[in-house]
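Please treat every number below as a calculation from the coordinates, not as lab data. Predicted model only: the values in this text are computed from it and were never measured. Glycine gets a Cβ as well: all are built from the backbone with ideal geometry, and neighbour counts include every protein chain shown.
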Amino acid sequence: MKTVVVLGGTGFIGRSVMRLLQERGQRAVSLSRREGCDLLDLEGLTDRLAALRPQALINCAAHVGSLHYVSRNAADVIHDNMRMILNVYAALRGVCPSAVLVNPISNCSYPGEAAVQVESEWQNGPVHDSVLAFGSTRRMIHALAASYQRQHGVGSVNWLVPNAYGPGDASDPDRVHALNGIIIRLLRARKAGERRFEIWGSGRPVREWVYVDDAARVLVESLEGGTQIDPVNIAQKQGHSIAEIAALAAKVLGYEVELVFNTRYPDGAPSKILDDRRFREKFPHFRFMPIEDGISRTIDYYRSAS
Ligand SMILES: NC(=O)c1ccc[n+]([C@@H]2O[C@H](COP(=O)([O-])OP(=O)(O)OC[C@H]3O[C@@H](n4cnc5c(N)ncnc54)[C@H](OP(=O)(O)O)[C@@H]3O)[C@@H](O)[C@H]2O)c1
């Protein structure tokens, strides 16, 4: 049986990946700090991988958070994420160079102004200033993957992933991504009997959203294919504005509330929709969770978790 190591298997995407691997009967082992493995420590990571000898790894470990968190902690974010990915490739090369590494790369690494994100234009312009620290390190994953394959034959499968949402994310609105953060704050506002609900920013930015288990399914299924150094979008080519998402979540909740927009918060890039042509070539029959169902499941999760 294959051993698959999930780096950051205790995080939002990592937990979903772990569950799916276990459901499929794979031997899945998570490595994260709370399990005694800090990816900033190359020696410790190398020892763990030497003991496990995995055939594949899915890299869901990162120092990440909301737009505001990443901006406020920019130096720590760039330092930790660069060091983590450098260590992962160095450790792989040292003890299991024939293992394949799957990397979910956030689509915040696309040029800030790209309205439709097409893979061939991924690095044709700077990342948006609001996510400079994190987005730049995501581009380095590609450079590392290409270089380690060229010199050491280490294989990688790189995916570009839009904003994920769904059950299982953190409950601190500062650390979660926008959609889950809105749901958490809406639940709190409704409990407190608020009649107005504040959106951070203008509400106008359009984003593509992927249900967490859909993203995990693509990552896991790609273990069966070949390497993919040039990343491919996990894409539906469909977006919803933050205001639309908040209105939809309030509707699912049956919560009649006025949405107000606090424009003192930065918006980030105006639009991020992912081109789906390459994805459809690879997964022609893939069905994504409809957004209303996904929001409804996410609301159920946070209701039962609170
Ligand atoms: N969530 C999204 O919307 C989204 C969208 C696109 C791409 N992605 C990408 O998917 C990956 C995972 O994102 P996520 O949202 O699942 O993040 P998350 O919930 O914050 O999980 C991060 C994971 O990394 C681990 N970790 C952090 N620092 C570590 C360290 N120094 N050593 C070992 N483990 C460490 C954490 O566990 P410990 O704290 O216990 O160490 C946790 O398990 C990231 O690369 C992210 O860019 C996410």
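Per-structure values
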quantity: Under-5 Å amide H pairs with S106, H placed in peptide plane, nonlocal only; calculated: V161
quantity: Ordering of 22-32, 239-249, 157-167 by packing [mean C-beta count within 10 Å, highest first]; calculated: 157-167, 239-249, 22-32
quantity: Value at 222 nm in deg cm²/dmol, rounded to 500, when DSSP H runs of n ≥ 4 in the chain each add -39,500 (n - 2.57); calculated: -13500 deg cm²/dmol
quantity: Charge-dipole axis of the chain as Lys and Arg at +1 and Asp and Glu at -1 on Cβ define it, positive-most pick from G225, A28, A75; calculated: A28
quantity: Calculated FRET value between R195 and R150, using beta carbons and R₀ = 45 Å, to 0.05; calculated: 0.15
quantity: Global geometry of the range 1-99, whether rounded, prolate or oblate, following the gyration tensor of its Cα atoms and the 1.5 cut on a/c; calculated: oblate
quantity: Mean-position separation - Cα centroids, the range 110-161 and the range 264-284, in angstrom; calculated: 14
quantity: Cβ-placed point charges (K, R +1; D, E -1), dipole of the chain about Cα centre in debye, nearest 20; calculated: 400
quantity: Ranked list, fewest to most other Cβ atoms within 10 Å of each Cβ, for D214, D76; calculated: D76, D214
quantity: Global geometry of the range 179-223, whether rounded, prolate or oblate, following the gyration tensor of its Cα atoms and the 1.5 cut on a/c; calculated: oblate
quantity: Hits among lysines - C-alpha to C-alpha of K191 under 30 Å, sequence gap 8 or more where chains match; calculated: K251
quantity: Neighbour-count order for M84, M18, M1, M140, fewest beta carbons within 10 angstrom listed first; calculated: M1, M140, M84, M18
quantity: Estimated dipole of the range 9-152 in Debye, rounded to 20 [Cβ of Lys and Arg +1, of Asp and Glu -1, Cα centre]; calculated: 460
quantity: The range 108-188, dipole about Cα centre (Lys/Arg Cβ +1, Asp/Glu Cβ -1), debye to the nearest 20; calculated: 200
quantity: Whole-Å distance, taken between Cα centres, linking the range 170-204 and the range 35-51; calculated: 37
quantity: Overall form of the chain per C-alpha gyration tensor (a/c, 1.5; a/b vs b/c); calculated: prolate
quantity: Centre separation in Å (Cα based) which lies between the range 58-73 and the range 75-96; calculated: 15
quantity: Helix runs (DSSP H) in the chain reaching 27 Å along axis by Cα, Kyte-Doolittle at least 0.0; calculated: 74-95
quantity: Residues D276, D293, sorted so that the one with the fewest Cβ neighbours within 10 Å comes first; calculated: D293, D276
quantity: Sites A50 and R264, calculated FRET efficiency, Cβ-Cβ separation with R0 41 Å, nearest 0.05; calculated: 0.25
quantity: For the range 202-306: relative contact order, % (alpha-carbon pairs under 8 angstrom, 6 or more apart); calculated: 44
